[in-house]
1. Over the Cα atoms of the range 154-201, how large are the radius of gyration and the largest Cα-Cα distance (Dmax), in Å?
2. Could you work out the Rg to Rh ratio of the range 403-467, with Rh taken as the Kirkwood radius (inverse of the mean 1/r over all Cα pairs)?
3. Could you give me D for the range 481-522, from Stokes-Einstein at 25 °C and 0.890 mPa s, where the hydrodynamic radius is the Kirkwood radius over C-alpha pairs? Units µm² s⁻¹, please.
4. Might you tell me the accessible area per residue for the range 454-612, computed with a 1.4 Å probe and given in Å²?
5. Loop-only trypsin sites (Lys or Arg not before Pro) in the range 549-633, please: DSSP not H, G, I, E or B, and at most 16 other Cβ atoms within 10 Å.
6. So which GluC sites (Glu not before Pro) in the range 432-530 end up in coil per DSSP with only 13 or fewer other C-beta atoms within 10 Å?
7. The range 314-355: Rg/Rh from Cα coordinates, Kirkwood Rh?
8. Scale the Cα Rg of the range 441-595 by the rule-of-thumb value 2.2 N^0.38 Å and send over the ratio, two decimals.
Amino acid sequence: MISWSLEAHGHARCLARWFVAALLVDTATAESRLQSNRHPNGLAAPPDHREDILSPDRPVQLFLRRRISDRRSNHSTPHQSRDCQGVGQGRTWNCCRSLRLTDPKSTAWDSSVDWVKLVVPDLHPCVRTMMRTQLVTVAVWLTTVISGTHWLMGADGFHSVSCEGTYAGHLQGVCTDNDSAIYWSFTTQLVKTDRDGHILKQIPVGSHHGDACYYNGRVYVAVNFGKFNDPQGNADSWVYVYNADDLSLIAKHETQQVVHGAGGIAYHAGKFLVVGGLPDGVQENYLYEFDPEFNFVKKHNLKSGWTQLGIQTATFADGQWWFGCYGTPKILLVTDESFEHVQRYEFDCSLGIVPIDEGRFLIASGTRTKEGHTGRLEIAVPDEKHGLVVQQDPKISFDQQDDRVLIRLGDVQIAEYVFRDENTLRPYFRHLCTPSGVQVTRTHPPEEGSELSDHATMHPGLWMAFGDISGHDFWRNKARVRNDGIVDELTSSDGRGSFTVNNAYEADGETVCREKCHIEIEQVEHGWLLRWTSTFTSDHEFAFGDQEEMGLGVRVATPLAVKKGGRIINSDGLVDEEQVWGKQADWCTYGGEIDGHNVNLTLMPHPDNFRRSWFHARDYGLLLANPFGRKAFTKGEPSRVIVKPGESLTLRFGVLVSEAQQSPDVSSIYREYVGE
């Protein structure tokens, strides 16, 4: 399969922006000509349009006559023609005709202008025609490549996911648009979500809606209003057709030839295949072929042996048909395109099977809770023995070295726990990454010239530190936190990993207090969660003071900083430093885009802490959860938290590292973290 990195995709977009300005003529020369050129009615061309034409900083979007991405249809305006267009700042570029420039808002600039002639009027007409042709050809080529990368990356973007919500009827089938949407067919509800399971649209439907397939901007659902599996028939089989954008009903097609009840549907090579129920004891399954207008073509007999309740789901991939069968046991049937050679496996894909790229499928499952039925998709790959096998979630693993522990999720290193550093005098995590490998914390040490480099030794990544414990400053590296070793073995099982360390807080040759720090890491949907629990004790009294710099902090990667385009948001919906700083909240997220990946890092103080945390948030990339700074943040009474001999103080925090099309449902993850 062709792969194109998001970085390369971004470069292609930049190339498209520069192309129009650079292809025809040198920018300075063209600007000069434009300034001297006047409209035929004697009015000068508006300056803002001269800037729009030539400025490479303005995005130039070139669209094909048939838009490749349905998502762009929402950006159309009444001024757009049906030809190849680029839209921006109230102008229309009609590239497929004569590269004319019009301004629908201006009465003084309302005539078509040959833009090539306008820029280079002295050229021979034949040369201008050739230049127009080259411009349109290359523009269309660039658009195809750029838009095509959305399609190519779309398939790779599907992943294991749960559908939001619960439903009265169980999941019957799923399909995708091969780009950005998943369609979940529950018995009485049709749901459209994004790739991360967030609901975009849902509608009630008649019982019984079954499996679904996507074709040409429409979702086709096998429907039965009669009986299933009745030897006498008595089914009432249909195919309902929905608009893939808004789920509006487009058409209903009778498929009464499916006499035991339509349950599943698939499209391939100009034909629809409808499958369904089967009476007890019948040693073959029936496949009903229809043309695109749902004229019945023929019935195929599949020599499959008996499968209880027939076939529920169907798809075509990798040169084969794949059928999921209800009943006990649940059966997967795989056959060639002519339905002659049938392979039979015990594998459950009876609630949905969707190919997402060569050799990978989404397999649907569902559970029933007291609230209703749920839906989930997992990745599966072909297997010689079982037909398909669900890919297991990657495991957390550790690699202990002399001064650090490397932490991996599957094959991806997601963090380093550094417990010895002569420049940063306390343990810390550095280089936190999403499961796909996108680094969300600033490089430590920061790379000069490419990153914000302030607080280089104080902001190493993710850390716990205190500017005042009994008057000693462990934040600014004026006192040392010495690691006393890993006291519990590095353990990993069931998608989780954990370790425990002992630390001694030392200043002026004395031990101020001791810390037992337990770290647990687990994979969660769209990312991973770190649970941090630190307990502080001493054989003498010590006290935590009141400063901004007290608690659990993180320094995000430079592209995520608000001043570089990122965003801070807390559990109350407040955003960025101006609103978030000094406010208490359940959680706070710092996030943004890195190389086309939407990533977030969230701090979640546990409600069992002695006091709710204030957040010390800075637009340059710092985020700190601080339960100590009452005066620092509110101008109230100074806080002094005293820990006496024989007593202890425990602090608990959650840290969520996530990557998703849309921001994750942090509130739900927070509730799970705190045990609600």
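The values are calculated or read from the model by the stated rules, or taken from the named source; none is laboratory data. All values derive from a computational prediction rather than experimental measurement. Methodologically, a virtual Cβ is constructed for each residue, glycine included, from the backbone with ideal geometry; neighbour enumeration extends over all protein chains shown. Ligands, DNA and RNA are stripped out before the accessible areas are found, and what is left, the full protein with its side chains, is counted by its heavy atoms. Shrake-Rupley method; radii C 1.70, N 1.55, O 1.52, S 1.80 Å.
1. 10.3, 31
2. Values: Rg = 12.0 Å, Rh = 12.4 Å.
In the range 403-467, Rg relative to Rh is 0.97.
3. Details: Rh = 11.3 Å.
Roughly 217 µm²/s, to the nearest whole number.
4. Accessible area per residue: 39 Å².
5. Numbers: sites: ARG555, LYS563, LYS564, ARG567, LYS583, ARG611, ARG612, ARG618, ARG630, LYS631; in loops: ARG611, ARG612, ARG618.
Passing both the DSSP loop test and the Cβ count: ARG611, ARG612.
6. Passing both the DSSP loop test and the Cβ count: GLU447, GLU448.
7. Computed over Cα atoms, the ratio is 0.95.
8. 1.17
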